[in-house]
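Let me begin by presenting the structure, written as structure tokens, before commenting on it.
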Amino acid sequence: MMNTLLTPVRILSEPRLDGARLATILRFSTRTTDRPLSVVAVVDRFPIERRSRLLGELGQHVGVTILDQVSPNPTTSDIDSMYRQICQSHFDAVVGIGGGSVLDSAKAVAMLMQNGGSLEEYLGNAPNRTIGSKGLPLILIPTTAGTGSEVTKVGVYTSSTGRKFTLGSPLLLADVAILCGMLTESMPPALTAAVGFDALDHALESIWNRNATPITREAAVIAARKVLHHLEDAYAVSCRLDAPLPDDPQIRQSLLEAACAAGIAFSMTGTAAGHALSFILSENWHIPHGSACAFTLVEIFRHALADSTVRETLAQVAAPFFPGTHAPEALCSLLLGWIVRMKNTMGLPETFGKLGVDIQPQDIEKSFQRAFSDPKMANQVPVMTPAEVFAMLQAKI
């Protein structure tokens, strides 16, 4: 993975990780071999048999304290509660094993252990605190193939007001990311689709982004191609959990590595309009993040085609999949058609009604106006005006 050169996070592909191997990785990561290790494991309460087995095996080699107060769209109150449980004790590292909410929570816990205070003090445009020190050594292990949080310098947290905030700092980066496809084997079809489209959106939003450079575009093209190459196969794997095929573990591993590549891409540019709008959907109606990002992807894709550089880059994404086509406009059209077909096949909602959101056209502006105070919206290329966004959303009612 050439694009791993673009991140300081050390990325290990470990298709069949066990507790002894994880303990060795922890010893090397913390440079501690002369005494027993004591680590914090941040997880959620979603039952993942492979994760439970891994933690049980790890406990045979190191001391493990488990924190599991993690919910979707993790809250500052939950993270502060977990921090208070351990802040008076010594630990060598924090290990996060789970989806994006778990990994973001682990980032915050590791940071607070070295910086103190409450998480809410670090959030917003004028925070009371800033991150001054690197947190405890941090090892992140995703169990879903989509968020890319294992290689990003940001976490997304819900404040006491219900507003979601992005906290970003290089000091939040993990020391090690471990990609173990085995841990994603219980993902059902709907989750595979949602997080897979989240990964695709990460790569594409890194393309139609004002912070894009030639090197970030190249990384995003690589990532988008990887996700497109593996997502449909991974979705098929998730549909046959009771009758797996011999190649299924490698398919899961490949999508996990593709999602990580997308995380590397957007970690350099940030995301754009789709993510800014997704925050409103999650804040107001608790729509899962991946589905919220996928909701506007097609319309924003069409809008982004107005920029010539974006159009040429998207054509580069499409070219290997449509070798008989050469015109950029035709390649972009074929790529967009493919994305639309995948969304339909995987059952990702295209209208507010199918998303389960009851909203009237006259309420769109009031509900989504605050997306324009989100810095991610300003990253969009071409710029999307409020009038354009509101019209786009009203057409989805």
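The values are calculated or read from the model by the stated rules, or taken from the named source; none is laboratory data. Small disclaimer: the values here were computed from a predicted structure and weren't measured. We place every Cβ from the backbone using ideal geometry, glycine too, and count neighbours over all the protein chains shown. These area figures cover heavy atoms from the full protein model, side chains too; ligands, DNA and RNA do not enter into them. Shrake-Rupley method; radii C 1.70, N 1.55, O 1.52, S 1.80 Å.
A few points about this structure:
- Between the amide H of T75 and those of T158, distances stay under 5 Å, these residues lying 5 or more places away or on another chain, with hydrogens modeled in the peptide plane.
- Our Cα-only numbers for segment 1-158 put the radius of gyration and Dmax at 15.1, 45 Å.
- Nearest-ten-degree value, helix 100-115 long axis tilted from longest Cα axis of the chain: 50
- Largest first, the three principal axis extents of the alpha carbons in segment 140-184 are 37, 22, 13 Å in whole numbers.
- Segment S160-A190, length gained on full extension (0.36 nm per residue, minus Cα span): 7.9 nm
- log10 of Debye I(q)/I(0), alpha-carbon scatterers only, for segment 245-311 at 0.25 Å⁻¹: -1.09
- For segment 106-216, the extents of the C-alpha atoms along the principal axes are 40, 34, 32 Å, listed from largest to smallest.
- The residues of the chain present an accessible area of 40 Å² per residue when probed at 1.4 Å with all protein chains retained.
- Between amide H atoms placed 1.01 Å from N, distances below 5 Å from V357 occur with no residue 5 or more places distant or on a separate chain.
- Surface/4 estimate of mean projected area, convex hull on alpha-carbon atoms of segment 331-381, nm²: 5.2
- Principal-axis analysis of the Cα atoms of the chain puts helix 273-285 at an angle of about 70° to the longest axis.
- Against the rule of thumb 2.2 N^0.38 Å, how large the Cα Rg of segment 116-156 comes out: 1.41
- Theoretical gain in end-to-end length, E365 to D233 [0.36 nm per residue, Cα-Cα removed]: 43.7 nm
- In order through segment 65-80: 3J(HN,Hα) via Karplus (6.51 cos²θ - 1.76 cosθ + 1.60), integer Hz, x for Gly, Pro: 10, 9, 10, 10, 8, 10, 10, x, 6, x, 9, 4, 5, 5, 5, 4
- DSSP-defined antiparallel bridges as percent of all bridges, the chain, nearest 5: 20
- Residue by residue, segment 228-233 carries 3J(HN,Hα) couplings of 4, 5, 10, 5, 5, 5 Hz when phi is fed to the Karplus relation 6.51 cos²θ - 1.76 cosθ + 1.60 (θ = phi - 60°); x denotes Gly or Pro.
- Taken over the C-alpha atoms, segment 230-353 has Rg and Dmax values of 16.1, 46 angstrom.
- Spatially proximal aspartates and glutamates relative to K153 (Cα-Cα < 19 Å; intrachain offsets below 8 disregarded): D104, E120, E121, D175, D198, D201, E205, E257, D374
- At q = 0.23 Å⁻¹, base-10 log of I(q)/I(0) for segment 83-167 (Debye sum, equal scatterers on each alpha carbon): -1.21
- Relative contact order of segment 167-268, taken over Cα pairs closer than 8 Å and 6 or more residues apart, is 42 percent.
- Using only the C-alpha atoms, the convex hull of segment 314-359 corresponds to 80 Å³ per residue.
- When each of K164/K354; K226/K396; K226/K376 is checked by Cα-Cα distance, pairs over 27 Å: K226/K396
- Taking label positions 7 Å along the Cα-Cβ direction at both R10 and K354, the computed distance is 4.6 nm, reported to one decimal.
- Each label was represented as a point 7 Å from its Cα along the Cα-to-Cβ direction; for Q114 and A330 these points are 5.4 nm apart.
- Cα long-axis angle, helix 328-345 against the chain (0 to 90 degrees, to the nearest 10): 60
- Long-range amide H partners of I11 with built H, under 5 Å: A177
- For H90 and H286, a Förster radius of 45 Å and the Cβ-Cβ distance give a FRET efficiency of 0.75, rounded to the nearest 0.05.
- Annotation: segment 183-303 has a Kirkwood hydrodynamic radius of 14.6 angstrom, from the mean reciprocal C-alpha pair distance.
- Normalised by residue count, the chain yields a Cα convex hull volume of 133 Å³ per residue.
- Rounded to 0.05, the FRET efficiency of the W338 and L245 pair, given R0 = 30 Å and the Cβ-Cβ distance, is 0.80.
- Prolate/oblate/rounded call for segment 227-276, Cα gyration tensor, a/c under 1.5 rounded: prolate
- Segment 233-330, accessible surface, carbon-and-sulfur percent (1.4 angstrom probe): 54
- Segment 1-58 - Debye-derived log10 I(q)/I(0), Cα point model, q = 0.21, 0.23 Å⁻¹: -1.00, -1.08
- When you restrict to C-alpha pairs under 8 Å that are six or more residues apart and normalise by the size of segment 205-317, the relative contact order lands at 36 percent.
- The share of alpha-carbon pairs in segment 288-327 lying farther apart than 13 Å comes to 62%.
- Mean Cα-pair separation over length for the chain, i.e. relative contact order, pairs under 8 Å, 6 or more apart, %: 15
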